[in-house]
């Protein structure tokens with residue numbers, strides 16, 4: 001157990017629907033990062049939050065949004081889902097001393113049918 | 001922007017032998033950190049080893065070591081005495097001062113018994 005909790009582990013939904021992925025960071029970590037991993041590809045950075053504020057944005061689609069709440073958990077909202085959105089979505093967290101890298105959750109496998 | 005390139009989509013090694021996975025990166029930062037992550041079939045992202053760019057000494061963690069060539073912007077991972085449990089996807093990643101972790105496309109390592 002890495003200490004980063006992602007729910008749900010698996011999600012199957014239809015095109016056009018909206019889903020919410022949830023992440024609880026490791027205790028004490030203020031930063032949360034979201035990544036998308038399509039089949040057998042690398043991890044693409046989506047968005048970063050630090051203590052409730054958005055810090056950086058990657059190639060995140062306008063149909064996707066995220067937020068970090070006062071208790072530091074984060075949610076990634078995906079709307080108007082398309083088949084191509086099927087992927088593994090990772091959440092990671094880090095302490096202020098990011099030089100030790102990120103700690104990753106086990107991911108949410110999203111399948112759009 | 002920074003980029004990370006892994007030129008070997010797949011590698012194979014005989015059990016107990018040594019294998020080297022290649023990685024090159026490009027960053028305009030003078031202060032950065034490099035990482036290798038392992039992703040087994042469970043899909044969990046596991047930190048294998050990290051290297052601070054300002055340190056000339058190559059990092060070592062048990063059977064895992066790196067060959068860091070700063071001028072060439074090269075960061076290869078050497079796995080000694082390969083074990084069946086080493087079979088996984090391996091991702092090279094670069095962390096910049098903005099705390100952004102950029103990943104390469106990955107190398108799939110197969111270990112033959």
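The values are calculated or read from the model by the stated rules, or taken from the named source; none is laboratory data. Everything quoted here is computed from the prediction, not taken from an experiment. When we count neighbours, we look across all protein chains shown, and the Cβ atoms used for this are built from the backbone with ideal geometry, even at glycine.
Numbers for the structure displayed
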item	result
Test set (1) modelled with pLDDT of 95 or more; (2) within 14 Å of chain A (Cβ to nearest Cβ); (3) in a loop (DSSP other than H, G, I, E, B) - residue B:43 fails condition number	(1)
Criterion violated by residue B:101 - all others in (1) within 9 Å of chain A (Cβ to nearest Cβ); (2) surrounded by 19 or more Cβ atoms within 10 Å (Cβ to Cβ); (3) under 12 Å from the mean Cα position of the chain (by Cα) satisfied	(3)
Test for residue A:43: is it touching a residue at least 12 places away in the same chain (Cβ under 8 Å), more than 14 Å from chain B (Cβ to nearest Cβ), within 20 Å of residue B:100 (Cβ to Cβ) and crowded, with 17+ Cβ neighbours inside 10 Å	no
Single unsatisfied condition, residue B:13 versus (1) at negative phi; (2) more than 14 Å from the chain's Cα centre (by Cα); (3) modelled with pLDDT under 95; (4) surrounded by 13 or more Cβ atoms within 10 Å (Cβ to Cβ)	(3)
Residue check for residue B:18: in contact (Cβ under 8 Å) with a residue 24 or more places away in the chain and more than 29 Å from residue A:34 (Cα to Cα)	yes
Filter result for the condition that a residue is within 12 Å of chain B (Cβ to nearest Cβ), modelled with pLDDT of 95 or more, surrounded by fewer than 19 Cβ atoms within 10 Å (Cβ to Cβ) and touching a strand residue (DSSP E or B) at 6+ places or on another chain (Cβ under 7 Å), over A:22, A:109	A:109
Pairs, first closer than 14 Å to residue B:36 by Cβ in region B:91-103, second modelled with pLDDT under 80, C-beta under 9 Å, six or more apart	B:95/A:98; B:95/A:99; B:101/A:98; B:102/B:1
All positions within region A:50-102 that are touching a residue at least 40 places away in the same chain (Cβ under 8 Å), more than 8 Å from chain B (Cβ to nearest Cβ) and crowded, with 19+ Cβ neighbours inside 10 Å	A:72, A:74, A:76, A:78, A:81, A:87, A:89, A:91, A:93
Some residue of region B:62-85 being at the interface with chain A (Cβ under 9 Å from one of its Cβ atoms) and surrounded by 15 or more Cβ atoms within 10 Å (Cβ to Cβ)	no
Residue within region B:24-39 that is assigned to a loop (DSSP other than H, G, I, E, B), surrounded by 12 or more Cβ atoms within 10 Å (Cβ to Cβ), at pLDDT 95 or above and in contact with a strand residue (DSSP E or B) (Cβ under 8 Å, 6 or more places away or on another chain) present	no
